Amino acid sequence: MKFIIPQNYNFKNKIFGIIDYSTAFFNIIWYGIVFIILNFLLTNWNIKIFLLISFCFPITIFSVVGFNGEPIVYVFKYLLKYFFRPKLYLYKKF
C-alpha cells in the first residue's frame, strides 16, 4: 500500500510523537530551575514533592495538549510581545 503525502505538508519532529523538541527543552530547564530552588529553600521532602508537582504539572499538561498545535515556547513569546506592546493589538488604523 502506498501513501501519497502532499508536497506542502509540514513534518514536525516530535519526541515520542507528542512533544516538540523546543518544548521538551523548555520543560527540562523549567523542571531543573524549580528543583534547584526547592532544594535550596526547603528541607521537608513532602513539601518539596508537593511544590514540584504543583509547579511542573500545569506546564507539562500544556506541553502535551498544547494550544491548537502551537508549541508552548511560541505561546510564551506571543504573550511577552503582547505584554510589552499591547497597542499593536488593540488599535485599528482607519
Practice prompt. Considering only the stretch 13-39, state which residues are under 18 Å from residue 61 (Cβ atoms) and not in a helix (DSSP H, G or I).
Written response: 14, 15, 16, 17, 18, 19, 20
Worksheet entry | Filtered residues of the stretch 41-79 (kept if in contact (Cβ under 8 Å) with a residue 24 or more places away in the chain, part of a helix (DSSP H, G or I) and in contact with an Asp or Glu (Cβ under 9 Å, 6 or more places away or on another chain)) | 63, 72, 73
Item to complete: Being over 14 Å from residue 71 (Cα atoms), open to solvent by less than 80 Å² (accessible area, probe 1.4 Å) and under 13 Å from the mean Cα position of the chain (by Cα) is the filter here, so list the residues in the stretch 44-59 that pass it.
Response: 56, 58
Discussion item. Suppose we filter 41, 90 for residues that are at pLDDT below 85 and loosely packed, with under 13 Cβ neighbours inside 10 Å; which single one remains?
Written reply: 90
Discussion item. Taking the criterion of being open to solvent by 80 Å² or more (accessible area, probe 1.4 Å), under 21 Å from the mean Cα position of the chain (by Cα) and at pLDDT 90 or above, would at least one residue in the stretch 21-28 satisfy it?
Written reply: yes
Discussion item. Given the options 14, 77, name the one that is basic (Lys, Arg), at pLDDT 85 or above and surrounded by 10 or more Cβ atoms within 10 Å (Cβ to Cβ).
Written reply: 77
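The values are calculated or read from the model by the stated rules, or taken from the named source; none is laboratory data. Not measured: the values here are computed from a predicted model. Positions of Cβ are generated from backbone atoms using ideal geometry, with glycine treated the same way; all protein chains shown enter the neighbour counts. Each accessible area value is taken on the protein alone, full model and side chains, heavy atoms only, with ligands, DNA and RNA left out. Shrake-Rupley method; radii C 1.70, N 1.55, O 1.52, S 1.80 Å.
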